[in-house]
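First up is the structure itself, then whatever we jot down about it.
Laboratory data are not the source of any read-out in this text; all were calculated from the coordinates shown. No experiment lies behind these values; they were computed from the predicted model shown. Note that each Cβ is placed from the backbone with ideal geometry, even for glycine, and that neighbours are counted across all protein chains shown.
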Amino acid sequence: MEGMSEREYSAHSGLSRGAIQKARRASRLVVYSDGSINAAASDVRRADMTDPDQQRRSTGGDSGFSGPADSSSYLKARTALTVYQAQDKQLGIQKKKGTLVDRARAEALVFRLARQERDAWVTWPNRVAALMAAEVALGVEKQTGTPVIIEAAILQRVLEAHVRQHLDDLADLRVSLG
C-alpha cells in the first residue's frame, strides 16, 4: 500500500470517515492505483476545492490555514457582509416608513425655516410701529389727561434695533444633525 487508508487519512485530516468517503466520491482526494490515499496531494486538493467556512465547520475548529486564506478572515468578512446587508435593509425600511430622512434635505429645511422666521422678525417693526405708537399715546393720554404724540418712525427705529440685536443673539445658535 503506497498511501493511507480511509481511517488513517481520517485521523490525519481530522475529518470523519464519512466525510473522507464523500470527498473521495467528489474527487477531492488524490488516490493511488491501489486505492490508498495520497495524503499530501489530497490535503492540497481539498484546500483548493473546499469552501474555507465548510472546511472549518467539518473539522470543528481551525482549518490549519494562515495568512490571507485564513478561514477566520473569511468568516469575519462574511459576517461583516451579512451585518452590512442587514443594516442596509433596516435603513431601507426606515426610509419607507418615513422615520429616516435625508440629512441634506433636513438641513435645507431647517435653514429655510430659520430664514423665514428671521425675515418675519425683520419686517415686524415696520408693521407694528404705528399701531404701537398710537396705543402708547392713548394709554399715556388716559393716565395723564394731556394729549401725547409719539413718533411712529422713532418707535420703529427703536424696535428695529432691539429686534436686530435679538436676531444677532439667535444667529449664534447652531443646529447639528449628527
Qualifying positions in region 99-123 - closer than 30 Å to Ala153 by Cα and either outside any helix (DSSP H, G or I) or of a type outside the set (Lys, Arg) (or both): Leu113, Ala114, Gln116, Glu117, Asp119, Ala120, Trp121, Val122, Thr123
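Part of a helix (DSSP H, G or I), buried (at least 17 other Cβ atoms within 10 Å of the Cβ) and either over 51 Å from the mean Cα position of the chain (by Cα) or not hydroxyl-bearing (Ser, Thr, Tyr) (or both): which single residue out of Ala23, Ala47 fits that description?
On the way: Ala47 fails: buried (at least 17 other Cβ atoms within 10 Å of the Cβ).
After ruling out the rest, the residue left standing is Ala23.
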